[in-house]
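For reference, the structure is listed below as structure tokens.
None of the figures in this text is laboratory data; all of them are computed from the coordinates on show. Computed from a prediction, not measured in an experiment: that's the story for all the values here. Positions of Cβ are backbone-derived with ideal geometry, glycine not excepted, and every protein chain shown enters the neighbour counts.
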Amino acid sequence: MRIDVVTIFPEYLDPLRAALLGRALDRGLIEVGVHDLRDWTHDVHRAVDDAPYGGGPGMVMKPQVWGAALDDVCGERTRLVVPTPAGRPFTQRLAHSYAAEEHLVFACGRYEGIDQRVLTDAARRMPVDEVSLGDYVLVGGEAAVLVIVEAVVRLLPGVLGNPVSAEQDSFSDGLLEGPSYTRPEVWRDLAVPEVLRSGNHARIDRWRRDQALERTFRRRPDLLERLPEGSLDEHDRAV
Ligand code: ADE
């Protein structure tokens, strides 16, 4: 997979080269390009924004600069992703769908956003997604790109040491993952639940499922409502 990011703060994306993502780069599982939007300006001030039509606070990013940048960076098989609080929610399902793409381009907006015509125009040639990480406002799309890329790249074959980790994630079955424990058996007078030390794998699986159901019910009841028909058996419903 190739990932390109266009931003006015290229250094903000340095963490893409660290840790898990850095290893995926070194092993040739992903290629990453980070581009300074100002490279596509032609004026002495290298201006990327202008006042909004209709008035109001803030500045809007200029269509000419973004248009030229995306013309150069996007290709035949690009999916364009624009992080914005006005987007649709980024979910594990969307992460899986991005993990199947050949080329992702991220356009990082700042200020009051990018002139909408940039996205309307791009959508004539490629799929364009405006996505939000959640109901809060960041200063720009850069931090969101770090989050989205990490969620996507860990799903690529060969990136995680143990692929079963990705299969057992929170959300992979529509539920939050339950608690985990390691040694020692008792720590600060707190004991690991007995069932996990029982060696009885049927009991352990049942216990984990119950914990996941309880946690989801307490913390994210909205997720239970969205489970596909037939995901809960009789025992689940009793929990
Ligand atoms: N840019 C600013 N706020 C954002 C959010 N909540 N999600 C994605 N991108 C953003």
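Residue exposure proxy: W207, W66, W187, ordered by other Cβ atoms within 10 angstrom of their Cβ from fewest to most, comes out as W187, W207, W66. Orientation-averaged projection of the chain equals 17.8 nm² [convex hull of Cα atoms, one quarter of hull surface area]. Mean silhouette area of region 161-203, derived from the convex hull of its C-alpha atoms and averaged over all directions, reads 4.3 nm². Let me know the shape class of region 59-135, please: from the alpha-carbon gyration tensor, a ≥ b ≥ c as square roots of the eigenvalues, rounded when a/c is under 1.5, otherwise prolate if a/b is greater than b/c, or oblate. Cα axes put region 59-135 in the oblate bin. Quick one: Cα centre-to-centre distance for region 125-176 and region 1-65, in angstrom? Result: 19 Å between the Cα centres. Eigen-decomposition of the gyration tensor built on the alpha-carbon atoms of region 1-98 gives equivalent ellipsoid semi-axes of 28, 18, 13 angstrom, largest listed first. Look at E142, E31 and count the other Cβ atoms within 10 Å of each Cβ; fewest to most, that gives E31, E142. State the antiparallel share, in %, of DSSP beta bridges confined to the chain, rounding to the nearest 5. Beta bridges within the chain, antiparallel portion: roughly 15 percent. Pairwise Cα distances in region 92-163 exceed 21 Å for 34 percent of all pairs. Ranked by how many other Cβ atoms sit within 10 Å of their own Cβ, fewest first, the residues R209, R237, R38 fall in the order R237, R38, R209. With the Kirkwood sum run over all distinct C-alpha pairs, region 86-209 has a hydrodynamic radius of 18.0 Å. Based on the Kirkwood approach, the hydrodynamic radius assigned to region 1-58 is 13.8 Å, with every pair of different Cα atoms included.
Using a cutoff of 8 angstrom between alpha carbon atoms and counting only pairs six or more residues apart, the relative contact order for the chain works out to 19 percent.
Between N200 and L227, the contour length at 0.36 nm per residue exceeds the alpha carbon distance by 6.9 nm.
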